[in-house]
Amino acid sequence: MAMLLIFGLVLTGLVALAIAMPRHQRQLLPARPPLTVALALACRIGGALLLLFSLLVALRALGGGIGAVAWFGLLTVAIALLALLFAYAPRKVLAITVIALLAALAAIWVGWAA
Amino acid sequence: MKDFFRQSMAWLHTWSGLVPGWILYFVFLTGTLAYFDTEIDRWMKPEMPPARFDLPAALLVEVAQQRLVAQAPEAQRWFVGLPLDRNQPYLRLFWETADGERGNELLDPATRAPYAARETGGGQLLYRMHWNLHYLPRDLAWWLVGAATLGMFVALITGIVIHVKIFKDFFTFRPAKGQRSWLDAHNVLSVSALPFHLMITFTGLLFMASTYMPLIVAAQYGTSKEGQRRFVQEMFGATRETPAAGVAQPGVALAQLLASAEARWGGGMVDSIEVINPGDANARVIIHHGGDGGVLRSGESLTFHGASGGLLDTRAAVTSTPKAVRDVLLGLHEGLFAGPLLRWIYVFSGLAGTAMIATGLVLWVVKRRQRAAKSGVGGRGLALVERINIGTVIGLPVAIGAYFWANRLLPAELPGRGDWEVHAMFLTWLALLAHAALRPVAHAWTEQFAIATLIFALLPLLNVLTTDRHLLRSLPAGDWIFAGFDLAMLAIAAGFFWGLCRLPRRIAATPASDVPEPLAELRS
């Protein structure tokens, strides 16, 4: 459950960072004109904050040692997943990220109810 | 100035990666499989019943003691490993006599006798090959693996330095673009698992630190045997060196001492029990706590007097901070603490590292061939690397597949069948290297991808023909070790099939890439 939550946050954070990159912004939001400098910076900061938050969640939920290992591991899986998606199915990235985020929120709800 | 620096880093990256590349591929592949060592062990011994973690420790300890008293009453040391989780799935007995004779058994608590199972090295042998290699004297193997690991570490760091667009290309993989795609793949595999690669390489070196840097211990303790013994005693405690009194005295029942430990720690926490000088007046019993499930490998241990049963010493999980740091680092490498999901992530990262090495080896050949096509100078070096690449990148996995095939095909009564399984593995590897040397390059890739697809796809079928723990039974029964292994073989076969369809063209015949050669100005 905690892993699902951390993964959802990590994936969303990475996608936010990706949107701030012109190459991937063109893939994710083809209709939009390039982001303004301010908006790109906001995406980057938002993405970084999400990643930091996901690390804190991992450390809190899984303990220091395992939490750190799990965070790095999930980061690896998310980066690899995004690399494959951007290469073969860029239009699915946003949908998959939303699903992962919903699953993460569901994981919180299940964790709370349990 | 800056260009020269990056140029030399590129040169260093190429050669520190290429020269030990095939050894590193072997180390990474066997190491990755080692995360499933006990699962592979169990698949290779289908006669063993599924592991059970619910048997009471007191019963297991009593069975173990009875067997050890019968089998090794004169031993200097007994070891009993209790089945707590997948790291130790069965009750394990080990003993050592004063003459250095050793014995090893997996004991069935129901029959109070060892399980009757085929002799095999199992997954443990693949795991040990990861640093001992095979057929080589141990020390030579350790130095070879160490040198290769150092090369890996240098390659990782120089790789980071020369990866100019590391953030810009973070998620970049552009397939079907020739050399560019191989470089992208190499980069994504390296960068996405970079924390893992750095950790695994550094901690790998750390495992053998006292071999590679013996003077550090020697500076404090001297080079004499006495000095070395003192070091070991300070690190691990002196109890194991307790001299025998030479007076026979019946030891207190281990189950009773176990009860003391469980009263202190709670049930299900005892991981192993050691008995020093069993049956002697100076016997000692050390009971080990399995650890709290965190990354630190060690737990508390209790030392009892073997004859009287009195508690002599309590050793905390952390006795020295530097040792604890070392234990945490080694614990990260081994990943024994990892639950199922985290273990799969370790395997994923290990496979990424293996593929990183493979794509690096292929990339070197692709770049060289392009350069050779322009300048007309082929070079025997290029041909050599190209052939060994095929025979190793595909050949080694096929050889491991052959190891599994041999496990099912070799008769159980064959003397030394465990050794013959390994011979089958290395003979297969040799055969595929020969095939790669003799066939035209493009054909060699295609044929080896095809062989790999078949050897893994047919393994579950072989399992149906040779055992009754095959997919048609294991899936409905929820026998996840066997079902999981067979399904993993099918997945690997699917991977090689994808490779067969897509890759040989892209490796062997490099079209002139219309994307400019990266770092073209940096000759390597």
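Brief remarks on what is shown
- Qualifying positions in the range A:17-36 - open to solvent by 20 Å² or more (accessible area, probe 1.4 Å) and more than 10 Å from chain B (Cβ to nearest Cβ): A:ILE19, A:ARG26, A:LEU29, A:PRO30, A:ALA31, A:ARG32, A:PRO33, A:PRO34, A:LEU35, A:THR36
- When the criteria are applied in full, B:ALA244 meets the requirement of being more than 27 Å from the chain's Cα centre (by Cα), closer than 30 Å to B:VAL63 by Cβ and among the aliphatic types (A, V, I, L, M).
- Within the range B:150-189, tally of residues that are among the polar types (S, T, N, Q) and more than 11 Å from chain A (Cβ to nearest Cβ): 2
- If only residues of the range B:59-82 that are under 19 Å from B:ALA263 (Cα atoms) and open to solvent by less than 50 Å² (accessible area, probe 1.4 Å) are counted, the one that is nearest to the chain's Cα centre (by Cα) is B:LEU82.
- Residue that is nearest to the other protein chains (Cβ to nearest Cβ) [pool: residues in the range B:292-339 that are under 26 Å from B:THR30 (Cβ atoms) and of a type in the set (A, V, I, L, M)]: B:VAL295
- Test for B:LEU29: is it part of a helix (DSSP H, G or I), touching a Ser or Thr at 6+ places or on another chain (Cβ under 7 Å) and more than 29 Å from B:LEU254 (Cβ to Cβ): yes
- Residue match in the range A:92-106 (condition: within 13 Å of chain B (Cβ to nearest Cβ), assigned to a helix (DSSP H, G or I), touching a residue at least 40 places away in the same chain (Cβ under 8 Å) and in contact with a helix residue (DSSP H, G or I) (Cβ under 6 Å, 6 or more places away or on another chain)): yes
- Selection of the range A:91-102 for residues being open to solvent by 30 Å² or more (accessible area, probe 1.4 Å) and under 17 Å from A:GLY13 (Cα atoms) yields A:LYS92, A:LEU94, A:ALA95, A:ILE96, A:VAL98, A:ILE99, A:LEU101, A:LEU102.
- Any hit, the range B:353-360, residues being among the aliphatic types (A, V, I, L, M), crowded, with 23+ Cβ neighbours inside 10 Å, touching a Leu at 6+ places or on another chain (Cβ under 8 Å) and in a helix (DSSP H, G or I): yes
- Residue, farthest from the chain's Cα centre (by Cα), within the range A:47-65, restricted to residues that are at pLDDT 95 or above and open to solvent by 30 Å² or more (accessible area, probe 1.4 Å): A:LEU59
The values are calculated or read from the model by the stated rules, or taken from the named source; none is laboratory data. Please read these numbers as outputs of a predicted model, since none were measured by experiment. With ideal geometry, Cβ positions are generated from the backbone for all residues, glycine too; neighbour counts draw on all protein chains shown. Areas reflect the complete protein model, heavy atoms only, side chains present, ligands, DNA and RNA absent. Shrake-Rupley method; radii C 1.70, N 1.55, O 1.52, S 1.80 Å.
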